[in-house]
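Scroll down for the structure; my scribbles are underneath it.
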Amino acid sequence: MTDLGSSIELRWRALLRRGPYLLLALATAVSAGTMPLFGAGPVAWSLLLAGAVVIAVAHRFAVDRRWGETSPGPDRVGAAYVAGRTALAFVLTWVNPFFALFAFVGYFDAFEHVRRRWVTPVVLVTAVTMAGSQSGGLPPQDLTQGLVFAGLLVLNGGLAGFFVRMELDENLLSAQRVATIAELERTNARLAEALAENADLQAELVQRARDAGVHEERERLALEIHDTIAQSLVGVVTQLQAVGPSDEPVAVRARVDRATELARGALVEARRSVAGLLPAELDGAAAPAAIERLAAEWTARTGSPLEVVVTGEPRAVPAEVEATLLRVAGEALANVDRHARARRVGLTLSFMPDEVVLDVRDDGVGFAGDRTDAVTDGARFGVRGMRQRADRVGGELVLESEPGAGTAMSLRVPVPRG
């Protein structure tokens, strides 16, 4: 309710509480002054004064004293007060028509003190009282006055019915407003609870996203370390271990230079991995050229022959796909060097209409079953790391091997043309 609505409501309540005193005083004074016009005797005077006092006292105890911030509301005490007051007002208006100045209060406060089913009788009796006063007094003295009384009764009854209907509609509207406000308050409470839950959920999601980001970054760094730095360090160790006390200085120098080159490469890859950059081999080069360079370095390091074949029409692919092809190729060749004891190794990079396929084959010792079924903590980032890289770009990695028949690794990455 607005401030203006609240102010009007307060004034109306004050009028219903204290207004009847003023109307009663006015009606009693006017009636007392006009009593000689109606030839009133001592009985009429006594009835007028006693009736006014009874009404005032009844209003004081039934309404005024019980009135708090709002009206007492319809109850038995209020109903008894209104019924007695209406009847007494009718009698006093019969004694002096001017007492109707007070009687018409029944039009306004019946809803405050009487239950709905008794409002209409109270208003109709008030209408009879008002019609009798307006027609010159009760009872009608002749036919003309009787007709005037009947007409005024119809008019007052119609007006009373109209006001009753308006009051009922207003009460219904007020009840609907109260129900709407209550529902809005409940909705606001539920909304506040939902917002609090959403805030908690958002905080939880943010924490989960942060944890997932940390885990993903750790996995990325672990894969980069395994596929680049660790392999380079293995090469460094291999070169240094190959140096014997009887080797020629030139051969020793060559192995030391090779170890130094691998160590520098590991340092460069370490810095690029921390910065999240693409592999150094892809700087200014596409995937085919980078893989051919990787193959040449692998052959130079291991001394094993490696045949590289590129089929189809090479085309540009996303940088992440190029990095995946290069890293998986490097890991597959490292596995061949460490485990296969192969005499022949082949690498094929095939550009197809909707995908790029990388195949690495060897004629080494092979193994039984899928090696990923037996991955240990020590080999955590081997084949599983290749599968993780394939999954990140929506690809598929397949390993096929038999003891004594070599191993074939195939990586298929969807890369639509265009």
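Structure notes:
- Leading residue by the ranking (nearest to Asp257 (Cα to Cα)) among those in the stretch 305-341 that are assigned to a loop (DSSP other than H, G, I, E, B) and in contact with a helix residue (DSSP H, G or I) (Cβ under 7 Å, 6 or more places away or on another chain): Pro305
- Some residue of the stretch 187-197 being surrounded by 15 or more Cβ atoms within 10 Å (Cβ to Cβ) and of a type in the set (D, E, K, R): no
- First in the stretch 18-37 and closer than 24 Å to Phe61 by Cβ, second anywhere and among the polar types (S, T, N, Q), Cβ under 7 Å, 6 or more apart: Ser31/Asn96
- Of residues in the stretch 64-105 being charged (D, E, K, R) and either outside the structural domain of Thr34 (by TED's automatic domain parsing) or farther than 23 Å from Leu26 by Cβ (or both), the one farthest from the chain's Cα centre (by Cα): Arg76
- Subset of the stretch 342-366 that is of a type in the set (A, V, I, L, M) and part of a strand (DSSP E or B) - its residue that is surrounded by the fewest Cβ atoms within 10 Å (Cβ to Cβ): Val357
- Answer from Val119, Val148, Val114, Val154 - the residue that is touching an Asp or Glu at 6+ places or on another chain (Cβ under 9 Å), modelled with pLDDT of 85 or more and of a type in the set (Val, Ile, Thr): Val119
- The sole residue among Pro121, Pro97 that is over 21 Å from Asp64 (Cβ atoms), of a type outside the set (Phe, Trp, Tyr) and surrounded by fewer than 18 Cβ atoms within 10 Å (Cβ to Cβ) is Pro121.
- Leu325 vs. criteria surrounded by 15 or more Cβ atoms within 10 Å (Cβ to Cβ), more than 46 Å from the chain's Cα centre (by Cα) and modelled with pLDDT of 90 or more: no
- The single condition from (1) at positive phi; (2) under 60 Å from the mean Cα position of the chain (by Cα) that Phe61 fails is (1).
- Scanning the stretch 33-51 for residues that are over 12 Å from Thr93 (Cα atoms) and surrounded by 17 or more Cβ atoms within 10 Å (Cβ to Cβ) yields a single hit, Ala40.
- Output for the stretch 119-160, where each listed residue is touching a residue at least 40 places away in the same chain (Cβ under 8 Å) and within 12 Å of Tyr107 (Cα to Cα): Val119, Thr120, Val122, Val123, Thr126, Thr129, Ala160
- Flag for Gly369 being at pLDDT 85 or above, small (Gly, Ala, Ser) and either over 50 Å from the mean Cα position of the chain (by Cα) or closer than 20 Å to Ala287 by Cα (or both): no
The values are calculated or read from the model by the stated rules, or taken from the named source; none is laboratory data. Everything numeric here is computed off the predicted structure, so don't read it as measured data. In this analysis, Cβ positions are derived from the backbone assuming ideal geometry, glycine residues included, and neighbour counts consider all displayed protein chains.
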